[in-house]
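Some notes on the structure that comes next.
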Amino acid sequence: MSFKPEEIDALLPLPPATFHILLALADEDRHGYAIMQDIAGRTDGELQMSAGTLYRSIQRMLEQGLIVEPRRRPAPAEDDERRRYYRITPFGSAVAMAEARRLAQMLKLARARGIVPERT
Amino acid sequence: MRLYRALLYLYPASFRAEYGEQMCDVFAKQLIHASSPIAKIVLWLSTFFETVFNATQVHWDILRQDLAYTARGLVREPGFAIATILVAALGIGANTAVFSITDRVLIRPLPFPDSDRIVKLWESTPESGRQNVVSAPNYRDWRRMSSSFESMGAYTGERMTLRGHGDPRQLAGVGVSSEVFTTLSAKPLLGRAFNSDDERAGAPPVMIVSHALWQRDFGGKPDAIGTDIRFVDGVYTLVGVMPADFYFPNRDTEYWKPLPHGTAMDSSRDNNILYVIAKLKKSASIRQARNELSFIADQIEAAYPKENEGTDVSVVPLRDLVDAPSRTLLIALFAAALCVLSIACTNLASLTLIRGIARRKELAVRSALGAGRERLVRQLVTESLLLAILGGIAGVMVAVSSLPLLARFVPESLPISDAMTLDLRVLAFAAIATGVMGLGFGVLPALRSSSPALIQVRAKSGIRRERLRAALLVAQVTGSVVLLISAGLLIRALWSIRTIDPGFRAENVFAVNTPLPGSRYDDRSRRMDFYARVLPQVRALPGVTGAAFISYLPMVTGGGIQIVNGMETQRASMRFVTPGLFSTMGIPIRMGRDISESDNPDAAPVAVVSQSFVRQYLSGLDPIGQEFDFADAKRRIVGVVGEVRVRGLERESEPQVYLPHSQMPLRGRMGYSPRELVVRASIPPDTLMASIRNIIRDVDPELPLSLRTFEDIVAEQTGTRMAHIGILAAFAALSLLLAGLGVHGLLSFAVSQRIPEIGVRIALGASTRRILAMVVRDGVRLASIGCFLGLIFGYAAGRSMESVLAGIQPADIPTFFAAVLLVFLTTVTGSFLPAVRAIRVNPVSTIRNQG
């Protein structure tokens with residue numbers, strides 16, 4: 001599926017919270033709290049997203065079409081009535097990829113200037 | 001958890017409904033994970049700030065969306081947007097402008113520290129309700145004996161002629177006691193204020209000047225302090241310059257000098273010459289001060305019964321110097337402006353309602369797409385607020401452009417500038433008016449338009465179902481009728497004042513003020529010489545048909561009051577004149593003769609009196625040859641002339657007495673010496689002025705001359721009134737227009753809703769006339785209710801303005817009739833177009849569409 005580059009560019013650069021949420025949804029559908037945990041886990045607890053920031057971002061991302069609320073919910077055993085799950089859309093993936101590319105480009109520029117991050 | 005739920009109320013309802021539960025869920029988990037009390041506190045704190053921040057962001061997001069949505073909608077319908085902004089601008093602009101003047105004149109504290117404690121003191125006679133300036137000994141006693149005041153000061157107005165700065169020029173100034181500055185807490189911008197040394201007998205003459213004078217005549221240079229200012233009457237050393245915003249006691253005051261020692265120490269309790277101001281102690285109330293001064297006045301009366309019989313003291317806050325008519329008219333204007341605002345508001349409300357109904361489909365779609373009612377209302381209110389704010393900005397511009405016109409409403413008697421500025425207070429008022437407007441015309445229609453019943457069901461319409469809109473229309477009609485009646489009553493009052501005969505013929509007459517200085521003209525013979533040299537030359541000028549001198553111009557100076565036959569109850573105004581005054585001013589001689597050259601200093605004192613003098617003081621006796629005691633002499637009446645409205649068109653005047661200038665005392669009474677040269681000419685004054693100037697300059701080169709026409713003097717009597725009426729009439733016209741538009745809008749909408757019904761009626765054979773009548777009847781019925789209410793409120797408004805109506809009854813039938821007729825015509829005109837649309841309905845196509 002291809003999207004108009006200007007539609008994607010209009011959203012870049014992504015707010016960090018948005019990018020993190022997209023990353024968290026990249027491999028599977030998650031509910032809000034799971035997204036927060038995933039982000040905290042991947043950043044070694046450095047990024048503790050607040051509920052307000054999370055749901056404000058989610059609301060905006062739903063409007064922008066980056067994510068959807070899937071109609072099909074996970075298997076009943078894992079499901080919790082109150083929870084709402086979110087899924088990344090193809091457009092969301094494209095935007096996340098574009099953002100990653102943009103960041104890589106920035107990194108390359110930084111390296112060219114001799115500003116090299118230490119490998120961890 | 002309850003606390004967290006409460007916190008969530010910071011978010012918009014739609015957001016809360018969508019995510020509130022989940023957020024609570026997440027927060028509960030976070031709370032469990034936070035093990036230590038410190039971690040819990042940190043979590044709570046961070047959550048609090050996070051919520052405030054994010055809620056603001058969410059609100060902002062919605063606002064941005066709504067604004068974008070609104071902007072798109074308005075661009076699609078620019079007519080609606082422009083109409084709304086214009087109406088809002090007029091409503092807000094009118095209110096802002098009127099508020100700025102009302103605030104300045106009636107509300108805002110005067111520009112002196114603790115101005116609420118500054119009062120003016122008068123000698124008063126409770127019997128007659130008269131207030132008078134104060135005699136010097138009484139003032140000294142008040143100061144000595146009273147304890148309610150922090151300070152008390154006296155001043156007296158005067159004029160002096162400045163020389164050495166171009167043409168000689170007359171300046172208005174005051175002699176003040178040093179306590180006047182203390183009382184006002186006024187400090188000079190440069191130099192020093194007066195002290196008690198300056199008030200000693202024989203102290204070197206010093207002067208403080210206004211900022212404007214300093215700028216104009218001293219180039220605003222600081223080293224002007226210590227230099228000399230030359231007046232025709234003497235030389236003064238400049239010791240101080242007051243700040244630019246210091247005005248006391250009037251706007252035109254240009255200098256202050258110490259109260260002359262002789263004036264301050266004057267010993268006559270009959271000679272009322274001083275204005276007195278005082279500052280109350282913090283602990284004293286006005287009532288206490290009044291009681292104390294009354295008590296003192298009683299003691300003074302007991303000690304000097306002859307001069308102080310029935311004399312009391314009145315204590316008036318400096319703020320209350322605005323005279324009652326000015327106050328009434330300003331309040332009327334403000335009420336009218338509020339009326340316009342509410343009419344504009346109701347007008348926009350009904351416009352928005354109608355638009356809301358037209359937008360039902362759109363709202364229904366949005367509702368179906370999941371927008372809650374709260375979001376719809378919010379969107380609609382955002383829209384009306386945006387329009388109101390745009391209108392508010394335009395309104396402030398309207399107000400700014402009208403500020404110069406409003407300067408004339410600042411009464412002379414207030415010690416404040418008449419330069420109107422738009423400040424924060426006024427802007428705050430405009431903001432409030434805008435908010436009221438936006439919410440006023442936004443919320444109600446929004447609630448209605450978004451109500452689920454209306455969205456889902458295509459409501460059966462017809463005017464009966466549109467009660468809210470009908471009520472709004474009635475309100476508009478009512479407001480218009482009230483404004484029309486108010487404006488109409490004031491116009492009728494103006495007419496009736498304009499028809500009042502001033503007692504002289506103002507056309508082609510003008511006056512040249514020749515301020516003969518007391519230092520050189522105190523001697524009567526000097527003045528007689530001056531008149532004898534000036535008058536024949538002026539009379540000889542081509543185009544001049546008459547010229548004479550008089551002490552004071554009528555209406556410009558209302559006073560000059562003296563007692564007749566030594567009786568306090570018999571008062572008359574006194575003017576000294578040269579022969580030929582009556583024919584020059586066009587005052588008819590009813591009996592006897594004019595003052596003549598033969599009434600010289602050696603002849604017996606004579607007088608010419610007005611008709612009311614004969615009626616009131618001579619009880620109808622044949623006046624010619626009668627004698628009366630007046631101004632220190634027994635005077636014989638040689639002539640009777642017509643009545644002159646000395647005190648102005650709207651006020652009763654004392655009877656008038658005219659005395660020959662040649663029979664003035666040899667010295668003294670300089671204040672009464674004739675200094676106004678009155679000229680009747682068949683050519684415009686301006687063309688004569690140069691010749692007159694040359695003639696007078698030849699005789700005395702140091703007189704500053706100023707000219708005013710009698711027509712201007714008479715017009716000034718009604719000038720402020722004219723301006724008030726202009727504004728009120730504009731308001732009335734505006735509201736009438738809005739009401740007309742309102743009727744048009746309402747009926748157009750009603751007709752469009754009833755097209756099927758009308759189609760059926762036509763198909764069933766209803767005549768054009770019946771359809772026409774059906775539509776117009778709706779409008780007329782609403783207008784009738786509005787007119788009825790308007791008449792009631794209009795009468796109430798008239799009653800409250802009675803004091804400025806110059807005798808016109810508040811229930812003036814012609815005014816009421818005209819107002820109602822105008823509104824009816826407007827209503828009928830407004831319903832005409834919709835009615836025409838109704839009779840053009842094609843029955844076939846409408847019925848087909850129905851099917």
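Return the pairs, sorted by first residue and then second, in which the second residue is among the aliphatic types (A, V, I, L, M) and assigned to a loop (DSSP other than H, G, I, E, B), the first residue lies in segment B:510-522 and is over 13 Å from B:ARG693 (Cα atoms), the beta carbons are less than 6 Å apart, and the residues are 6+ apart or on different chains.
Matching pairs, first to second residue: B:PRO517/B:VAL232.
Testing B:PRO109 on (1) more than 10 Å from chain A (Cβ to nearest Cβ); (2) more than 30 Å from B:ALA446 (Cα to Cα); (3) in a helix (DSSP H, G or I); (4) not hydroxyl-bearing (Ser, Thr, Tyr), one condition comes back false. Which one is that?
Exception for B:PRO109: condition (3).
Can you tell me which residues in segment B:758-813 are part of a loop (DSSP other than H, G, I, E, B) and either within 30 Å of B:LEU333 (Cβ to Cβ) or not aliphatic (A, V, I, L, M) (or both)? Let's see the steps before the verdict.
First, the residues of segment B:758-813 that are part of a loop (DSSP other than H, G, I, E, B): B:764-767, B:801, B:805-812.
Once the filter is applied, which keeps residues that are part of a loop (DSSP other than H, G, I, E, B) and either within 30 Å of B:LEU333 (Cβ to Cβ) or not aliphatic (A, V, I, L, M) (or both), segment B:758-813 yields B:GLY765, B:SER767, B:MET801, B:LEU805, B:ALA806, B:GLY807, B:ILE808, B:GLN809, B:PRO810, B:ALA811, B:ASP812.
Please enumerate the residues belonging to segment B:395-417 that are over 14 Å from B:ASP103 (Cβ atoms), over 13 Å from the mean Cα position of the chain (by Cα) and surrounded by fewer than 17 Cβ atoms within 10 Å (Cβ to Cβ).
Listed by number, the residues that qualify are B:MET397, B:SER401.
Please work out if B:ARG360 is in contact (Cβ under 8 Å) with a residue 24 or more places away in the chain, under 18 Å from B:MET722 (Cα atoms) and touching a Leu at 6+ places or on another chain (Cβ under 7 Å). Quick ask: steps written out before the conclusion?
On the way: in contact (Cβ under 8 Å) with a residue 24 or more places away in the chain: yes; under 18 Å from B:MET722 (Cα atoms): no; touching a Leu at 6+ places or on another chain (Cβ under 7 Å): yes.
Considered against the rule, which asks whether it is in contact (Cβ under 8 Å) with a residue 24 or more places away in the chain, under 18 Å from B:MET722 (Cα atoms) and touching a Leu at 6+ places or on another chain (Cβ under 7 Å), B:ARG360 comes out as no.
Against the condition touching a residue at least 24 places away in the same chain (Cβ under 8 Å) and away from every other protein chain (no Cβ under 14 Å), how does B:ALA81 come out, does it pass?
On the way: touching a residue at least 24 places away in the same chain (Cβ under 8 Å): yes; away from every other protein chain (no Cβ under 14 Å): yes.
Yes.
Take the conditions of a type in the set (Gly, Ala, Ser), out of contact with any Phe, Trp or Tyr (no Cβ under 9 Å at 6 or more places or on another chain), surrounded by fewer than 23 Cβ atoms within 10 Å (Cβ to Cβ) and within 23 Å of B:GLY546 (Cα to Cα) and apply them to B:ALA733. Does it pass?
No: the conditions fail for B:ALA733.
Among the listed residues B:THR51, B:THR70, B:THR102, identify the single one that is surrounded by 19 or more Cβ atoms within 10 Å (Cβ to Cβ), in a helix (DSSP H, G or I), more than 50 Å from the chain's Cα centre (by Cα) and of a type outside the set (Asp, Glu).
Numbers: B:THR70 fails: more than 50 Å from the chain's Cα centre (by Cα); B:THR102 fails: more than 50 Å from the chain's Cα centre (by Cα).
The unique qualifying residue is B:THR51.
Here are some residues: A:ARG73, A:ARG119, A:ARG111. Which one is at pLDDT below 90, away from chain B (no Cβ under 14 Å) and assigned to a helix (DSSP H, G or I)? If you could, list the steps in order and put the result at the bottom.
Values: A:ARG73 fails: assigned to a helix (DSSP H, G or I); A:ARG119 fails: assigned to a helix (DSSP H, G or I).
Exactly one of A:ARG73, A:ARG119, A:ARG111 is at pLDDT below 90, away from chain B (no Cβ under 14 Å) and assigned to a helix (DSSP H, G or I), namely A:ARG111.
May I ask you to list the residues in segment B:19-45 that are facing chain A (nearest Cβ under 7 Å) and under 17 Å from A:THR53 (Cβ atoms)? Working first, answer last.
Restricting attention to segment B:19-45, the residues satisfying the condition of being facing chain A (nearest Cβ under 7 Å) are B:19, B:21-23, B:25-27, B:29.
B:TYR19, B:GLN22, B:MET23, B:ASP25, B:VAL26, B:PHE27, B:LYS29 - these are the residues of segment B:19-45 that are facing chain A (nearest Cβ under 7 Å) and under 17 Å from A:THR53 (Cβ atoms).
Being surrounded by 13 or more Cβ atoms within 10 Å (Cβ to Cβ), at pLDDT 85 or above, in contact with a helix residue (DSSP H, G or I) (Cβ under 8 Å, 6 or more places away or on another chain) and more than 12 Å from every other protein chain (Cβ to nearest Cβ) narrows it down to one residue among B:ARG5, B:ARG16; which is it?
Details: B:ARG16 fails: more than 12 Å from every other protein chain (Cβ to nearest Cβ).
So the residue among B:ARG5, B:ARG16 that is surrounded by 13 or more Cβ atoms within 10 Å (Cβ to Cβ), at pLDDT 85 or above, in contact with a helix residue (DSSP H, G or I) (Cβ under 8 Å, 6 or more places away or on another chain) and more than 12 Å from every other protein chain (Cβ to nearest Cβ) is B:ARG5.
Only one residue in B:THR161, B:THR96, B:THR156 is in a helix (DSSP H, G or I) and among the hydroxyl-bearing types (Ser, Thr, Tyr). Which one? Don't jump to the end; show me each part of the working.
Details: B:THR161 fails: in a helix (DSSP H, G or I); B:THR156 fails: in a helix (DSSP H, G or I).
Within the list B:THR161, B:THR96, B:THR156, the selection yields B:THR96.
Going by the structure shown, is A:MET106 at pLDDT 90 or above and within 14 Å of chain B (Cβ to nearest Cβ)? Before you say what the answer is, go through the steps one by one.
Numbers: at pLDDT 90 or above: yes; within 14 Å of chain B (Cβ to nearest Cβ): no.
It is false that A:MET106 is at pLDDT 90 or above and within 14 Å of chain B (Cβ to nearest Cβ).
Does B:ILE500 satisfy the condition of being surrounded by fewer than 20 Cβ atoms within 10 Å (Cβ to Cβ), within 30 Å of B:SER803 (Cα to Cα), touching a residue at least 60 places away in the same chain (Cβ under 8 Å) and over 29 Å from the mean Cα position of the chain (by Cα)?
Details: surrounded by fewer than 20 Cβ atoms within 10 Å (Cβ to Cβ): yes; within 30 Å of B:SER803 (Cα to Cα): yes; touching a residue at least 60 places away in the same chain (Cβ under 8 Å): yes; over 29 Å from the mean Cα position of the chain (by Cα): no.
For B:ILE500, the condition - surrounded by fewer than 20 Cβ atoms within 10 Å (Cβ to Cβ), within 30 Å of B:SER803 (Cα to Cα), touching a residue at least 60 places away in the same chain (Cβ under 8 Å) and over 29 Å from the mean Cα position of the chain (by Cα) - is not met.
Consider B:VAL315 against the criteria (1) in contact with a strand residue (DSSP E or B) (Cβ under 6 Å, 6 or more places away or on another chain); (2) more than 30 Å from B:SER115 (Cβ to Cβ); (3) among the aliphatic types (A, V, I, L, M): it satisfies all of them except one. Which criterion is unmet?
(2)
A:GLY65 is checked against (1) of a type outside the set (Lys, Arg); (2) surrounded by 15 or more Cβ atoms within 10 Å (Cβ to Cβ); (3) under 20 Å from B:VAL52 (Cβ atoms) and fails just one. What number does that condition carry?
(3)
Taking the conditions exactly as written (surrounded by 20 or more Cβ atoms within 10 Å (Cβ to Cβ) and more than 30 Å from B:ASP700 (Cα to Cα)), does B:SER177 satisfy them or not?
Working: surrounded by 20 or more Cβ atoms within 10 Å (Cβ to Cβ): yes; more than 30 Å from B:ASP700 (Cα to Cα): yes.
Yes, satisfied.
Working only within segment B:190-213, note down all residues that are in a loop (DSSP other than H, G, I, E, B) and without any contact (Cβ under 8 Å) to a residue 60 or more places away in the chain. Outline the logic, then answer.
Within segment B:190-213, the subset in a loop (DSSP other than H, G, I, E, B) is B:192-195, B:200-205, B:210.
Across segment B:190-213, the qualifying residues are B:ARG192, B:ALA193, B:ASN195, B:GLY202, B:ALA203, B:PRO204, B:PRO205, B:SER210.
Residues in segment B:56-78 that are within 12 Å of another protein chain (Cβ to nearest Cβ) and of a type in the set (Asp, Glu): how many?
Within segment B:56-78, the first condition is being within 12 Å of another protein chain (Cβ to nearest Cβ), and the residues that meet it are B:56-62, B:64-65.
Then drop every residue that is not of a type in the set (Asp, Glu), which leaves B:61.
Result for segment B:56-78: 1.
Please work out which one of (1) within 29 Å of B:LEU386 (Cβ to Cβ); (2) modelled with pLDDT under 90; (3) within 9 Å of another protein chain (Cβ to nearest Cβ) is the condition B:PHE53 fails and give its number.
B:PHE53 satisfies all of (1) within 29 Å of B:LEU386 (Cβ to Cβ); (2) modelled with pLDDT under 90; (3) within 9 Å of another protein chain (Cβ to nearest Cβ) except (2).
What is the residue count in segment B:584-630 for residues that are assigned to a loop (DSSP other than H, G, I, E, B) and either over 11 Å from B:PRO655 (Cβ atoms) or of a type in the set (Val, Ile, Thr) (or both)? Spell out how you get there, then give the answer.
First pass over segment B:584-630, keeping only residues assigned to a loop (DSSP other than H, G, I, E, B): B:586-588, B:593-605, B:618-626.
Adding the requirement that they be either over 11 Å from B:PRO655 (Cβ atoms) or of a type in the set (Val, Ile, Thr) (or both) leaves B:586-588, B:593-605, B:619-626.
Residues meeting the conditions: 24.
Do we have B:LEU825 as surrounded by fewer than 22 Cβ atoms within 10 Å (Cβ to Cβ) and touching a residue at least 24 places away in the same chain (Cβ under 8 Å) here?
Details: surrounded by fewer than 22 Cβ atoms within 10 Å (Cβ to Cβ): yes; touching a residue at least 24 places away in the same chain (Cβ under 8 Å): no.
The answer is no for B:LEU825.
If you go through segment A:40-57, how many residues are more than 9 Å from chain B (Cβ to nearest Cβ) and surrounded by fewer than 22 Cβ atoms within 10 Å (Cβ to Cβ)?
Counting residues in segment A:40-57 that are more than 9 Å from chain B (Cβ to nearest Cβ) and surrounded by fewer than 22 Cβ atoms within 10 Å (Cβ to Cβ) gives 8.
Quick one: is B:PRO674 within 40 Å of the chain's Cα centre (by Cα), at pLDDT 90 or above and more than 30 Å from B:LEU541 (Cα to Cα)? Steps first, answer last, please.
Numbers: within 40 Å of the chain's Cα centre (by Cα): yes; at pLDDT 90 or above: yes; more than 30 Å from B:LEU541 (Cα to Cα): no.
In short, no.
Against the condition part of a helix (DSSP H, G or I), modelled with pLDDT under 85 and either acidic (Asp, Glu) or within 30 Å of B:ARG159 (Cβ to Cβ) (or both), how does B:GLY745 come out, does it pass? Reasoning before the result, please.
Working: part of a helix (DSSP H, G or I): yes; modelled with pLDDT under 85: yes; either acidic (Asp, Glu) or within 30 Å of B:ARG159 (Cβ to Cβ) (or both): no.
No, not satisfied.
Are any of the residues in segment A:58-70 modelled with pLDDT under 85 and either within 9 Å of chain B (Cβ to nearest Cβ) or farther than 28 Å from B:HIS59 by Cβ (or both)? Please lay out each step first, then the result.
Going residue by residue through segment A:58-70, those that are modelled with pLDDT under 85 are A:70.
After this cut, where a residue has to be either within 9 Å of chain B (Cβ to nearest Cβ) or farther than 28 Å from B:HIS59 by Cβ (or both) as well, the list is A:70.
Looking for residues that are modelled with pLDDT under 85 and either within 9 Å of chain B (Cβ to nearest Cβ) or farther than 28 Å from B:HIS59 by Cβ (or both), one finds at least one in segment A:58-70, hence yes.
Restricted to segment B:701-742, and to residues that are modelled with pLDDT of 85 or more and among the hydroxyl-bearing types (Ser, Thr, Tyr), which residue is nearest to the chain's Cα centre (by Cα)?
For segment B:701-742, the residue satisfying everything is B:THR709.
The values are calculated or read from the model by the stated rules, or taken from the named source; none is laboratory data. These numbers come from a predicted model, not from an experiment. We place every Cβ from the backbone using ideal geometry, glycine too, and count neighbours over all the protein chains shown.
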